[in-house]
Amino acid sequence: MPHKIGFVVVSSSGHEDGFSARELMIHAPTVSGWRSPRFCQFPQEIVLQMVERCRIRKLQLLAHQYLISSKVEFYISDSLPEYFAPYQAERFRRLGYVSLCDNEKTGCKARELKSVYVDAVGQFLKLILHQNHVNKYNVYNQVALVAINIIGDPADFSDENNIASREKLIDHYMGHNSEDPALEGTCTGKSDYISPLDDLAFDMYQDPEVAQIIRRLDERKWEAVREERYDRAKKLKQAIADLQKVGERLGRYEVEKRCAVEKEDYDLAKEKKQQMELFRSRVYEQLQLHSLVDGELMRRPLAVPLQPLVRSGSPRHPQPARSPPQGERGTENRPAEPLLQDQPPDASPLTEKALREASAAVDVLGETLVAGAYSRTWSHREAALLTLHKRLMETPVGTPKEDLRSLLRAAVFLIRRAIRDIVTPVFQASLKLLKMAITQYVPKHKLGKLETTHCVERTVPVLLARTGDSSARVRVAAANFIQEMALFKEVKSLQMIPSYLVQPLKANAPTHLATSRMELLARLLRDLGTAGSGFTVDDVMKFAVGALEHRVYGVRETAVRVVLDMYEQHRAPVLDYLPPDDCAARRNLLYKTLFEGFARIEGRPTDAEARAQKKAATDEAEKRKKEEIEALQGQLAALREMQAEAAGGKEKGSEAAEAEKPDAQGREAAPSKAPEVPDDHCLDNLCIFCGERSEAFTDEGLDLHYWRHCLMLTRCDHCRQVVEVASLTEHLLTECDQKDGFAQCHRCSEAVAKDALPSHVKTKGCSPAKPEKLANRCPLCHENFAPGEEAWKAHLMGPAGCAMNLRRTHVLRRAPAPTPGRGPAVTKSGTSAKVGSKIPTPRGGLSKGPGRTYSKR
């Protein structure tokens, strides 16, 4: 389902002081956004990098009210442009543009929110802003953007369309209509549904803290729907609707407070701050937010008017009885931490359930502090943790060990609870307290590894769960703290955290949780290695191989990186966990990537590189052979010319002699035609391969001889091309149409079908081939025989020759073997037709000379 995509600003053409393009990375009511330099050159450019390669479905721009660009163009790319990364040649691809309104109708007092639906894949987005609209407020000819929002999903679900089609097919047979207006606004069954909580308008008008809580409650609502707990879903829906109104009001208060500060009206700013804190506290209590998060049923909120609070001094609106949150009680400079020591942070005592749950902590820390940690007001929960932090720091060294252990375990209990807190300040306070307990409290009081182990065992599973949080800020903080904790010298020696990370991923694990877990494993492997760190080759490889099959692309990609890192360190043991490097495995893109990565690590060429090298070598060999053939054909043509000239000279000499002899009547004899002189060395009517000469070897006769009878030739069973027996193996490996289906056996050097090669090699049924200088190898009978070119004729044509040459019996029956000394190996000019050489031909043919092709009739 498409969702909001995080991004960072890579570059911009420039900005005015205080209005950096990095402001675009924040969505909140008080953000200022980016603003171009004064009197800048156009167009202006901003380049964004998304957190992952994604398929963008929707782009949103919030324009400034009067610094408005006339047109904004969008470009996308999978990599940085050349001026950032010279080794990358890829360019940005243009998606299109949008035009922005000049805002004259509103008097330049409203901001235009532009939404564009696109369908493009990439990781880098470039925006080009053109000349500004002219108005009386834009005196420096600037352009600005208040916010940018990108909505999409990871570009790794190759089966997404199949899933959508399958869902449509199910709907069809179930009688559901996807266009039914009754289904409008729901996300059930819609892979392209975009939540309104991801819309830019939501973040830009909501208080950030309330927005985070609303998103969490929305997730809980859909969980309740999936579990068919409709009463709970209804209550959560009502709570979300109420909180949206609260968030908008708090957002307005924050803007008003900022404006008061800019005008240096600090009394008004203070009043707005009080209004925000009191209003927030009252609403949180009314909605019973903490109970909702813990999964308890929520009672319907009380109908409390949400009007803005008036000044505290107004006689018509006296102050409410409950005290405001920390920071405004008494003097402003009074520190917040001692509040929990002096008085309870909440008027509400611990419930019976809470007392049973936290009885051990209450006995050690007291009910006041624990009640603060259980408070429904987040500021009280934060204050309780800060107070506990101070108490642990100030515990004297001489305290009895048992008391020290009890205090630590009570603190860990509250830390574990606070780690689950949805309010970011409370979560961060829990991390601060946990770090101090492990790195300072335990070493200071020499409590030993047992207490450190207790801290790790009780908190790491909860921290790992928070790495799958819907908030990117919380995910990053949790993952970074786990990595930092693993490197604490007190924790590193225990070798505990790696064991949590290599637990198998569940198939239904949330995307964020699986991705964060895999990334954290990769980072810790680089930091700790596998020597005495808790990571073993067996554990890591089992986890990584399982992750290679995960449905999330980011998990699979990181798993590939982990396997390559492991192979670089351990080589052979890593291969035991992977399938063999064969055609079947390489059909999987991930395994193909892995095997090519292994080749690069070892310094070997990859398959693609090896094919390119082999093709280059084959092309070079073909080029040389073509040159040899052309030279041979030229020599044959010259030989024919010499024979024609010799025959013509003899004929002229004979005619001259006859002309000189007078006849009986004294008259000169009439010139007579000289008889043709046969030339035994003429290459006409001769097969240049087997040496057989026949009057039947006209052009057509030679075609038939080559195709059916020549003992030195054979037909390829796979492409039907006529080739020399001596070059059949090379033909199957480099020339045949089916050459991709053959590979060379390293034992016998012959071409074997790739499917049969493993069994062929395993059975070792073939006889080993000898070096070319010592013996020739027949691809028909698979035997070695004497080296040299003449040995091929003896083997293929002799009476005791190759028994597997199917043409041999027929030829021996129809004509005697060629007379020794009359073979075609040597011509008049000393030219030889080299046995074993290949003549490049088109499909189904064997070339005899220029323009002549022998093919199947």
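The values are calculated or read from the model by the stated rules, or taken from the named source; none is laboratory data. As the structure is a prediction and not an experimental result, all values here were calculated from the model. Glycine also receives a Cβ, built like all others from the backbone with ideal geometry; neighbour counts cover every protein chain displayed. The protein model used for the area step is the full one, side chains on, heavy atoms only, and it has no ligands, DNA or RNA in it. Shrake-Rupley method; radii C 1.70, N 1.55, O 1.52, S 1.80 Å.
Looking at Ala572, is it surrounded by fewer than 12 Cβ atoms within 10 Å (Cβ to Cβ), within 30 Å of Ala559 (Cα to Cα) and at pLDDT 80 or above? Show your work before the answer.
Numbers: surrounded by fewer than 12 Cβ atoms within 10 Å (Cβ to Cβ): yes; within 30 Å of Ala559 (Cα to Cα): yes; at pLDDT 80 or above: yes.
Yes: the conditions hold for Ala572.
Would you pick out the residues in segment 9-39 that are open to solvent by 60 Å² or more (accessible area, probe 1.4 Å) and touching a helix residue (DSSP H, G or I) at 6+ places or on another chain (Cβ under 7 Å)?
Of everything in segment 9-39, just one residue is open to solvent by 60 Å² or more (accessible area, probe 1.4 Å) and touching a helix residue (DSSP H, G or I) at 6+ places or on another chain (Cβ under 7 Å), namely His15.
Restricting attention to segment 736-776, which residues are out of contact with any strand residue (DSSP E or B) (no Cβ under 6 Å at 6 or more places or on another chain) and closer than 26 Å to Cys687 by Cβ?
Of everything in segment 736-776, those that are out of contact with any strand residue (DSSP E or B) (no Cβ under 6 Å at 6 or more places or on another chain) and closer than 26 Å to Cys687 by Cβ turn out to be Cys736, Glu772.
Select from segment 32-64 the residues that are under 20 Å from Tyr137 (Cα atoms) and among the hydrophobic types (A, V, I, L, M, F, W, C) and list them in ascending order.
Trp34, Phe39, Cys40, Phe42, Leu62, Ala63
With respect to the numbered conditions (1) outside any helix (DSSP H, G or I); (2) touching a Ser or Thr at 6+ places or on another chain (Cβ under 7 Å); (3) assigned by the TED database to the domain that holds Arg405; (4) more than 30 Å from Asp153 (Cβ to Cβ), which one is the sole condition not fulfilled by Gly468?
Result: Gly468 fails condition (4) only.
Counting only residues that are closer than 15 Å to Asn805 by Cα, among the charged types (D, E, K, R) and either buried (at least 17 other Cβ atoms within 10 Å of the Cβ) or not assigned by the TED database to the domain that holds Gly798 (or both), how many does segment 692-730 have?
2
Taking the condition under 24 Å from Asn149 (Cβ atoms), touching a residue at least 40 places away in the same chain (Cβ under 8 Å) and not in a helix (DSSP H, G or I), does Gln206 pass? Spell out how you get there, then give the answer.
Details: under 24 Å from Asn149 (Cβ atoms): yes; touching a residue at least 40 places away in the same chain (Cβ under 8 Å): yes; not in a helix (DSSP H, G or I): yes.
Spelling it out, Gln206 is indeed under 24 Å from Asn149 (Cβ atoms), touching a residue at least 40 places away in the same chain (Cβ under 8 Å) and not in a helix (DSSP H, G or I).
For Pro758, indicate whether it is loosely packed, with under 15 Cβ neighbours inside 10 Å, under 19 Å from Leu733 (Cβ atoms) and out of contact with any Cys (no Cβ under 8 Å at 6 or more places or on another chain).
Details: loosely packed, with under 15 Cβ neighbours inside 10 Å: yes; under 19 Å from Leu733 (Cβ atoms): yes; out of contact with any Cys (no Cβ under 8 Å at 6 or more places or on another chain): yes.
Criteria met by Pro758.
Please find, among Arg458, Arg381, the residue that is over 22 Å from Tyr500 (Cβ atoms) and either in contact with a helix residue (DSSP H, G or I) (Cβ under 6 Å, 6 or more places away or on another chain) or outside any loop (DSSP other than H, G, I, E, B) (or both). Spell out the reasoning first.
On the way: Arg458 fails: over 22 Å from Tyr500 (Cβ atoms).
Criteria check complete, one pass: Arg381.
Give me the residue from segment 98-148 that is in a strand (DSSP E or B) and free of Cβ contacts under 8 Å to residues at least 40 places away in the same chain and, out of that set, surrounded by the most Cβ atoms within 10 Å (Cβ to Cβ). Full working, then the answer.
The first filter runs over segment 98-148 and keeps only residues in a strand (DSSP E or B), leaving 98-99, 113-129, 132, 144-148.
Those left that are additionally free of Cβ contacts under 8 Å to residues at least 40 places away in the same chain: 98-99.
Working: Val98: 15, Ser99: 11.
Among them, the one singled out is Val98.
Across segment 525-572, which residue is nearest to Leu513 (Cα to Cα) among those that are of a type in the set (Lys, Arg) and assigned to a helix (DSSP H, G or I)? Reasoning before the result, please.
First pass over segment 525-572, keeping only residues of a type in the set (Lys, Arg): 526, 542, 551, 556, 561, 571.
Then keep just the ones that are assigned to a helix (DSSP H, G or I); that gives 526, 542, 556, 561.
Working: Arg526: 20, Lys542: 19, Arg556: 14, Arg561: 18 Å.
For segment 525-572, the residue satisfying everything is Arg556.
Which one of these is closer than 30 Å to Arg220 by Cβ, among the hydroxyl-bearing types (Ser, Thr, Tyr) and open to solvent by 20 Å² or more (accessible area, probe 1.4 Å): Ser493, Ser499, Ser470? Let's see the steps before the verdict.
Values: Ser493 fails: closer than 30 Å to Arg220 by Cβ; Ser499 fails: closer than 30 Å to Arg220 by Cβ.
Only one candidate qualifies: Ser470.
Search segment 361-397 for residues being open to solvent by 70 Å² or more (accessible area, probe 1.4 Å) and of a type in the set (A, V, I, L, M), and hand back the single one that is modelled with the highest pLDDT.
Applying the first criterion (open to solvent by 70 Å² or more (accessible area, probe 1.4 Å)) to segment 361-397 yields 363, 367, 376, 390-391, 393-394, 396-397.
Still in the list and also of a type in the set (A, V, I, L, M): 393, 397.
Working: Met393: 93, Val397: 90.
The selected residue is Met393.
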